[in-house]
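A.B. asks: Okay, handing you the structure first.
Each reported figure results from applying straightforward, stated rules to the coordinates on display, with no laboratory input. All values reported here derive from a predicted model rather than from experimental measurement. Neighbour counts are summed over all protein chains in view; Cβ atoms, including those assigned to glycine, are modelled from backbone coordinates with ideal geometry.
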Amino acid sequence: MVGIMSQEYSGIMIYAEVHDGVIHPVTFELLGKARELAEKKGTKVLASIAGYKVKELAQELILRGADIVYLVDDERLKSLDVMAHRDAVLKIIQKAMPEAVLFGATNTGRTLAPRISSYLRTGLTADCTDLFIDEKGNLVQVRPAFSGNIFAHIVTKTRPVMSTVRYRTFKPAERDPGRKGEVIELELGNLGETGYRVLRKMEREKVNISEAEVIVAVGRGLKKKEDLQIVKELASLIGATIGASRPLVDDDWISRDHQVGFSGNIVKPKIYIALGISGSPQHVVGMKDSGTVISINIDQNAPIGEYSDYLIVGDLYEVIPKLIEQIKKIKEGNSPS
């Protein structure tokens, strides 16, 4: 099957990502956007799901907006053998012939989508932050370019159109217990040698910063790695997750799981505290939709000020200890002086 323009292609398909029997939340965000796009084009929302013992999850996708769910349930898909999962999703695409296929821009989506688009010889737009239908009926894919300084609008000529979409970008589809839909099960068939062997699965400590409601993020204003301790103390006192700008990650001061920005994570916390962060476009694209933004910066003209509800002009090495002191007094039941 080769990606070419054809009237046979129809429907907006999403890839339902599953880990240990649980649907990844980005799937519901994709369903919400797919529903919007499909209604604009007058077409159906399709869902693809591949794995082992995933049949019971198909109904949840229907309740969240899918009209038709295509599934491949096979023990050979128990682990994330990329080539096996690629073949399973290809089976679904060849059967459903969707006009577009949307993946979450997760580790799994970023691994799987390029292999599928390469096989289909169709375009893939990565890390989209918006999708819409233009006046000609084309699916327009929007993504930051040049470190977030501009937003590129991309139209793919081949079919199916394929995109990976950043997590926490769209509103999740609401669950409708009364929705009805169709489930179509396909066989994986002969798989052959994939070249992958999963020896064991090792859990590692992972910070799910995208889900955090309070984030204390730190940037270049921090002078040395050891000084992260005062940031950790502040975060601990207010029950916050620690975030960071790209330079701290590049210098190996903190793991990439904590990075906020275009090449890191998109976050939407209720409170975002930026410590010594200038506010480059690359960083801002990852936190601009936060509820309340509080910034501490020695430069009153720092770009982060434009995105802040409160800007404290001062040296973080002077301000943070005072904040910690006052928070401790409040937690101890004393009024701050």
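A.B. asks: What does the helix-only formula give at 222 nm for the chain: each DSSP H stretch with n ≥ 4 adding -39500 (n - 2.57), the total divided by the residues, and the result rounded to the nearest 500 deg cm²/dmol?
C.D. replies: Per the formula, -8000 deg cm²/dmol.
A.B. asks: Another question, if that's okay. Sort 146, 103 so that the residue with the fewest other Cβ atoms within 10 Å of its own Cβ comes first and the one with the most comes last. Write down the numbers at each step before the final one.
C.D. replies: Details: 146 11, 103 31.
Ascending number of Cβ neighbours within 10 Å: 146, 103.
A.B. asks: Tell me the net charge near residue 280. Cut-off is 15 Å between Cβ atoms, residue 280 excluded, with +1 for each Lys or Arg and -1 for each Asp or Glu. Kindly include the intermediate steps, with their values, before the conclusion.
C.D. replies: Details: positive: 220, 246, 288; negative: 250, 299, 306.
For residues surrounding residue 280, the net value is 0.
A.B. asks: Connecting C-alpha atoms closer than 10 Å in a GNM of the chain, tell me which of 275, 139, 237 has the biggest fluctuation.
C.D. replies: Answer for the Gaussian network model of the chain: 237.
A.B. asks: Another question about this same structure. Under 15 Å from the Cα of residue 322, which aspartates and glutamates turn up, not counting those fewer than eight places away in the same chain?
C.D. replies: 233
A.B. asks: While we're here: Sort 24, 85 by Cβ crowding within 10 Å, fewest neighbours at the top. Present the calculation step by step, with values, prior to reporting the outcome.
C.D. replies: On the way: 24 18, 85 25.
Listing 24, 85 from fewest to most nearby Cβ atoms yields 24, 85.
A.B. asks: Can you give the percent of C-alpha pairs in region 12-185 whose distance is more than 27 Å?
C.D. replies: Details: 2716 of 15051 pairs.
In whole percent, the share of Cα-Cα pairs in region 12-185 beyond 27 Å is 18.
A.B. asks: Taking loop as defined by DSSP and a crowding limit of 12 other beta carbons within 10 Å, which chymotrypsin sites (Phe, Trp or Tyr not before Pro) in region 197-304 fit?
C.D. replies: On the way: sites: 253, 262, 272; in loops: 253, 262.
Sites meeting the loop and neighbour criteria: none at all.
A.B. asks: Give me 310, 119 sorted ascending by neighbouring Cβ count inside 10 Å, so fewest comes first.
C.D. replies: On the way: 310 11, 119 16.
Result, fewest neighbours first: 310, 119.
A.B. asks: List the residues, sorted by chain then number, that are 5 or more residues from residue 100 or on another chain and whose placed amide H is less than 5 Å from its amide H.
C.D. replies: Hits under the 5 Å cutoff: 13, 161.
A.B. asks: To the nearest Å, what is the center-to-center distance of region 273-337 and region 1-74, using C-alpha atoms only?
C.D. replies: Region 273-337 and region 1-74 have Cα centres spaced 41 Å from each other.
A.B. asks: If you look at just the Cα atoms of the chain, how large are its Rg and its Dmax in Å?
C.D. replies: 22.5, 73
A.B. asks: I need the calculated FRET efficiency for the pair residue 309 and residue 157, taking r as the beta carbon distance and R₀ as 35 Å, to the nearest 0.05. Let's see the in-between values first.
C.D. replies: Details: r = 43 Å, r/R0 = 1.24.
Efficiency for this residue pair is about 0.20.
A.B. asks: Still on this model: Calculated FRET efficiency, residue 40 and residue 119, Cβ-Cβ r, R0 35 Å, to nearest 0.05? Could you put the intermediate results ahead of the total?
C.D. replies: Numbers: r = 29 Å, r/R0 = 0.82.
Computed FRET efficiency for residue 40 and residue 119: 0.75.
A.B. asks: With springs connecting C-alpha atoms under 10 Å apart, model the chain as a Gaussian network and identify which of 35, 175, 256 has the largest mean-square fluctuation.
C.D. replies: 175
A.B. asks: Can you tell me which lysines have their Cα less than 16 Å from the Cα of residue 44? Leave out same-chain residues fewer than eight positions away.
C.D. replies: Cα-Cα hits under 16 Å: 33, 95, 180.
A.B. asks: Compare 327, 62, 116 in a GNM of the chain, Cα atoms joined below 10 Å, and give the one with the largest fluctuation.
C.D. replies: Answer for the Gaussian network model of the chain: 327.
A.B. asks: Measure up 55/171; 157/268; 268/329; 232/270; 157/288; 171/288 against 23 Å on the Cα-Cα distance and list the ones that go over. Don't jump to the answer; show the numbers that get you there.
C.D. replies: Working: 55/171 25 Å; 157/268 33 Å; 268/329 29 Å; 232/270 19 Å; 157/288 32 Å; 171/288 15 Å.
The pairs that break the limit, which is 23 Å between Cα atoms, are 55/171; 157/268; 268/329; 157/288.
A.B. asks: For region 209-331, state the semi-axes of the equivalent ellipsoid (square roots of 5 times the eigenvalues of the alpha-carbon gyration tensor), sorted largest first and rounded to whole angstrom.
C.D. replies: Numbers: eigenvalues 73, 49, 45 Å².
Working through the eigenvalues yields semi-axes of 19, 16, 15 Å.
A.B. asks: Where a Cα-Cα gap under 17 Å defines reach, which aspartates and glutamates qualify for residue 53, not counting those fewer than 8 residues away within the same chain?
C.D. replies: Counting by Cα, and skipping residues close in sequence, residue 53 has these aspartates and glutamates nearby: 17, 20, 73, 74, 75, 81, 185, 187.
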